[in-house]
Amino acid sequence: MSPLPRSFLLALFLLGGAGLVWGEAQTSTPASGGEAPPQPGTSPSAPQPPDQTPAPVAPDEPTEHEKAGNCVEGSEQACMALTRDGKDGKERRILVMRTGTKDETGVYTICGARDDDPEGTPNLGVFSEQEAGGIRITIDKNVIRVPLAQVTQRPPKNDEEGSDGRIEASAGTAKLLEAAPEGARDRLSLCGVEVKPQPAPNTVFVTQGKTQLKGQKLVYDEDDGIARIDGPITFERVNDKEPLSGSSERIDVNVDEESTTLIGNVILTSKGGRVSKAPRVEYDDTTNTARLYGTPEQAATSTKGTDTISLTRGYILYDLDTSNVVARADGEGNITGEFQDSDTSSPAPPAEEKKQP
């Protein structure tokens, strides 16, 4: 095993030990030769605890970075931001943060371009944290907790203040090595970082308002701006009147459209006995509504007792607080389906969807 050249690691300019500033990072280069020093907040010899799954507890209060909507100078918590310019001209930011600060419980390190890498080679960030707070990722309305995250951040162009990239997150561990493994070819190994993703059900925790969802792997890519969380997905929504539980095959978070969609055999079950199913559900806890969309092949249905709505065109608008439903037309003004109501009295319709300021 050969010693790890320090020139393989990006010289970091940390915002108070937390965030990454691209301009400074590219212009600050350590002296070549010798072993790379441990990165801030990490320890090559720190043992990794065997349990890598954050406890399924309610998320902590928002971090300084989340409150500011960007990585904050002076924070003890490591942070890295991806900046995306949407098609509507609005800038949206995804934050990846390590909640812990102990060497024994996690790793935060950045691998920059090596001397022989082509121009435009992205930075690779590795975050791991074994304590309950885990790694926090904020995407649109969602706060995601996970033990391990790998971030690829491309260099910004001349007219950009930030840049986009890719995130892969799941259960797993990471640690720094004293030297690059002999014969190593991949960038992380050459950088002296060992990463072991271990996707498993119920290890990716997603919070949106009152709703808690669980999955097993998250992948965000700048090519389409969608963060996909693989299932099986299970979720629960706390509510004094009508607690809700459910499942789906995956979750899609569209950063440009600021929407969260449950995909594949979605089932919503209320404590009051309403059972609703659809192939696709647009879910928005901030407005207390969900839209259940059907297709000719798989209708969207909602049943309570002997009352049933079944739509193949249009959507069922579901009030997440009351579990009341109403049929709505699609963008072309069409509703196709069946309505079976044994009660002459109609339930109160869901609250109208409210636009966020």
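The values are calculated or read from the model by the stated rules, or taken from the named source; none is laboratory data. Computed from a prediction, not measured in an experiment: that's the story for all the values here. For neighbour counting, all protein chains shown are included, and Cβ atoms are generated from backbone atoms with ideal geometry for every residue, glycine included.
Looking at Arg136, is it within 16 Å of Val219 (Cβ to Cβ) and either modelled with pLDDT of 90 or more or not in a strand (DSSP E or B) (or both)?
Details: within 16 Å of Val219 (Cβ to Cβ): no; either modelled with pLDDT of 90 or more or not in a strand (DSSP E or B) (or both): yes.
Spelling it out, it is not the case that Arg136 is within 16 Å of Val219 (Cβ to Cβ) and either modelled with pLDDT of 90 or more or not in a strand (DSSP E or B) (or both).
Residue-wise test of (1) hydroxyl-bearing (Ser, Thr, Tyr); (2) free of Cβ contacts under 8 Å to residues at least 40 places away in the same chain; (3) touching a Pro at 6+ places or on another chain (Cβ under 6 Å).
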residue	(1), (2), (3)
Thr260	yes, no, no
Ser270	yes, no, no
Ser276	yes, no, no
Pro279	no, yes, no
Tyr283	yes, no, no
Thr287	yes, no, no
Gly294	no, no, no
Glu297	no, yes, no
Ser302	yes, yes, no
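Residue pairs whose Cβ atoms lie under 6 Å apart, sitting 6 or more positions apart in sequence or on different chains, and linking a residue in segment 174-187 that is in the same structural domain as Val146 (by TED's automatic domain parsing) and within 18 Å of Leu148 (Cα to Cα) to a partner that is among the acidic types (Asp, Glu) and surrounded by 15 or more Cβ atoms within 10 Å (Cβ to Cβ), are Lys175/Glu194; Leu177/Glu194.
What about Ala200, is it surrounded by 17 or more Cβ atoms within 10 Å (Cβ to Cβ) and part of a loop (DSSP other than H, G, I, E, B)? Here the answer is no, as Ala200 does not meet what is asked. Of all residues in segment 255-275, those satisfying the criterion of being of a type outside the set (A, V, I, L, M) and either in a strand (DSSP E or B) or outside the structural domain of Thr287 (by TED's automatic domain parsing) (or both) are Ser259, Thr260, Thr261, Gly264, Asn265, Thr269, Ser270.
Taking the residues in segment 243-269 that are of a type in the set (A, V, I, L, M) and either farther than 15 Å from Leu320 by Cβ or modelled with pLDDT under 95 (or both) as candidates, determine which candidate is surrounded by the most Cβ atoms within 10 Å (Cβ to Cβ). Result: Ile251.
I want to confirm something. Restricting to segment 233-242 and keeping residues that are in contact with a strand residue (DSSP E or B) (Cβ under 7 Å, 6 or more places away or on another chain) and in contact (Cβ under 8 Å) with a residue 60 or more places away in the chain, which single residue is surrounded by the most Cβ atoms within 10 Å (Cβ to Cβ)?
The first filter runs over segment 233-242 and keeps only residues in contact with a strand residue (DSSP E or B) (Cβ under 7 Å, 6 or more places away or on another chain), leaving 233-237, 242.
If we keep only those that are in contact (Cβ under 8 Å) with a residue 60 or more places away in the chain as well, we get 237, 242.
Numbers: Arg237: 23, Glu242: 17.
By that ranking, first place goes to Arg237.
Answer yes or no as to whether Arg250 is among the basic types (Lys, Arg) and assigned by TED's automatic domain parsing to the domain that holds Ser276. So Arg250 passes the test. Gly69 meets each of the listed conditions (1) in contact (Cβ under 8 Å) with a residue 24 or more places away in the chain; (2) within 21 Å of Cys191 (Cβ to Cβ); (3) surrounded by fewer than 19 Cβ atoms within 10 Å (Cβ to Cβ) apart from (2). When Ala46 is tested against (1) hydrophobic (A, V, I, L, M, F, W, C); (2) modelled with pLDDT under 85; (3) closer than 13 Å to Ile137 by Cα, just one condition goes unmet, and that condition is (3).
Would you pick out the residues in segment 143-163 that are at pLDDT 90 or above, of a type outside the set (Lys, Arg) and either part of a strand (DSSP E or B) or touching a Gly at 6+ places or on another chain (Cβ under 8 Å) (or both)?
Here is the first cut: in segment 143-163, the ones at pLDDT 90 or above are 143-154, 163.
Filter once more, keeping what is of a type outside the set (Lys, Arg): 143-144, 146-153, 163.
Within segment 143-163, Val143, Ile144, Val146, Pro147, Leu148, Ala149, Gln150, Val151, Thr152, Gln153 meet the criteria.
Would you check which residues across segment 143-167 are within 28 Å of Thr286 (Cβ to Cβ), surrounded by fewer than 19 Cβ atoms within 10 Å (Cβ to Cβ) and out of contact with any Pro (no Cβ under 7 Å at 6 or more places or on another chain) and list them? Glu161, Arg166 - these are the residues of segment 143-167 that are within 28 Å of Thr286 (Cβ to Cβ), surrounded by fewer than 19 Cβ atoms within 10 Å (Cβ to Cβ) and out of contact with any Pro (no Cβ under 7 Å at 6 or more places or on another chain). Applying a threshold of 6 Å to beta carbon distances and a minimum spacing of six or more residues, or different chains, the list of pairs starting in segment 79-91 at a residue that is in a loop (DSSP other than H, G, I, E, B) and ending at one that is not small (Gly, Ala, Ser) reads Gly86/Arg92; Gly86/Asp256; Lys87/Asp256. Taken together, Glu242, Glu258, Glu222 contain a single residue that is on the phi < 0 side of the Ramachandran plot and under 15 Å from the mean Cα position of the chain (by Cα), which is Glu222. Going by the conditions given, is Thr211 assigned by TED's automatic domain parsing to the domain that holds Lys304, surrounded by fewer than 17 Cβ atoms within 10 Å (Cβ to Cβ) and under 24 Å from Ile94 (Cα atoms)? So Thr211 fails the test. Taking each residue of segment 153-166 that is more than 20 Å from Ile139 (Cα to Cα) and looking for partners that are of a type in the set (Lys, Arg) and in a loop (DSSP other than H, G, I, E, B) with beta-carbon atoms closer than 7 Å, six or more apart or interchain, yields nothing.
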